[in-house]
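In what follows, a structure is listed as structure tokens, so that the remarks can point back to it.
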Amino acid sequence: MATGKTRPTPVGTGSTNIRAPTPTNRIRASHRNTVSLLLPRGEIMQQEYDVKDKESGAAFLEKSPFCRTGEPMTNESLILTILHITQYTGIPRIVIEGLRAVALLLEEGINNTPTTATELNIQQITDSLSTSLSAHVVANLTSSLSAHVVAAISPQVASILTASENLKTNVDEITKFKTTLEENLKDIKDIVDNASQSAKPQPGTPRSYSTVVQQNAQTPAPISAALACAATRDRQILFDLVPGSVLFATEVTSAEIATKMKQVFTASQSDDTPDIQIKAITRLCNGGFITELTTTEAAKWIRTLENRLKITNALDLPATIKERRFSIIVPFLPIASNIEDTAWLCTVEEENNMTAGAIESANWIKPRQRWTPTQRVAHAIFHFADPHSANNTLRDGIYIGQEKLHPRKDKREPHRRTYAEPAGKTIAQMSATHIAPSTALAATLMSMLVGIGNALSLSPNVLG
């Protein structure tokens, strides 16, 4: 190709008086336009042009009017060079459009292509650019214009190859650093192990008093007793009878009640039911009884509303399963408060950021008919269904009507009297009355342990 006559092209940085025609949309009908433009790169590079390699291309661009003198050849400058070539007079419009497209695509590719491209991607980019430029330019451009394009691409290819080599060097250095770090960590671990072995007391070496105390430290007996009492309450279920009815006759033994309850639990079980084993049955003076299970999970499963209904229906007795309640006393509460109203309780829960239903109920300690005409405040007792909410209220106080009140614990203990106990007396009172003075001290200590247990875990107002 390029064997016919070509129009003279201005070379250098000087001006020229030759005025070429303006680009036009008219396409000349010639043999050049009918030849296939999609020639392979090797065949294109074998054509007879002055620019054959990178050096001749760079030299041509430095002497051409398309580049600014002294400006380094970067991605942006080479793209701008292509755009400057489009301003050259006498170039057909289709060639100008092709060059503009190539410049924009190159700019987009440079912005989106990471500098760490592999050699394969670089070769693909080079081939694609050479083919695209040759397809649009070779047929209608002069030999100098083709040389400009090839020379503009060559420095960028060299820059990408250099960046790839630098990245490989950095990866090798990081690998070496990682290996060194792992070796150092291994050495540090060996030093720590040796120090731990040397810190262990050797047989026959005298130990300090603090070391002996720390190794033999035990939980105080009162705290252990309180924790055991709280764990026992978590495993207990209270079955209360309906007023005016009887659950079991007096002559029925606890073992027989346990057998009956085991049958009821078996009939109410489902696929997700934990293992339910009865540890003890405690009969109450009012006709109800407490079932103590072996695990807390079994007690929690029974306390859910759905399972409670199934168990009471399978029991076929006038009994209900009582929920545990945690009671605290709120002193000096304005008597205008409608504490029996559920909506009022919800307002208190919202004001104190409690969960819905945390306060189960509330009532006045002194009946209304015993209030004096000039009385403005009274003590109330709040029953909580959640022990965490009750403990937080005791610790932080409670806000009612933008007034902070300071509750205290309800110190009244529930009576767990059996048929063998006389009515109206607690265990401590019985011990102090019917046992010798030497054992009265033991009964007093037992009462103190119960008080410590109440401080660690709130006692329910109604057993469950």
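MET73 contributes about 60 Å² of solvent-accessible surface, heavy atoms of the protein only, 1.4 Å probe. Here's the picture: a label point sits 7 Å out from the Cα of ASP386 along the beta-carbon direction, and within the range 315-356 the residues with their amide nitrogen under 14 Å of it are 326, 346-356. The order of LYS189, LYS404 by accessible area, most exposed first and with a 1.4 Å probe, is LYS189, LYS404. Per-residue SASA remark: ILE223, around 70 Å² accessible (1.4 Å probe; ligands, DNA and RNA not included). Each of CYS285, CYS67 has its accessible area taken with a 1.4 Å probe; listed largest first, they run CYS285, CYS67. If R0 equals 35 Å, the separation of the Cβ atoms of LYS260 and THR296 corresponds to a calculated FRET efficiency of about 0.95.
Under 16 Å from a label point set 7 Å out along the Cα-to-Cβ vector of LYS409, the amide N atoms of the range 309-334 belong to 325-330.
At an R0 of 45 angstrom, the distance between the Cβ atoms of ALA158 and LYS189 translates into a FRET efficiency of 0.40. Rounded to the nearest 10 square angstrom, ASP172 shows an accessible area of 80 square angstrom against a 1.4 Å probe. Orientation-averaged projection of the range 304-414 equals 8.8 nm² [convex hull of Cα atoms, one quarter of hull surface area]. Accessible surface comparison of PHE177, PHE326, probe 1.4 Å, protein chains only, largest first: the order is PHE177, PHE326.
In Å², what does the accessible area per residue of the range 243-396 work out to with a 1.4 Å probe? With the other protein chains kept in place, the range 243-396 gives 55 Å² per residue. Determine which residues of the range 312-335 fall in the zone a paramagnetic label at ASP271 would reach in this model, i.e. backbone nitrogen under 12 Å from the point 7 Å along Cα→Cβ. Of the residues in the range 312-335, none has backbone N under 12 Å from the label point off ASP271.
The values are calculated or read from the model by the stated rules, or taken from the named source; none is laboratory data. Small disclaimer: the values here were computed from a predicted structure and weren't measured. Note that we place each Cβ from the backbone using ideal geometry, even for glycine, and neighbour counts take in every protein chain shown. Each accessible area value is taken on the protein alone, full model and side chains, heavy atoms only, with ligands, DNA and RNA left out. Shrake-Rupley method; radii C 1.70, N 1.55, O 1.52, S 1.80 Å.
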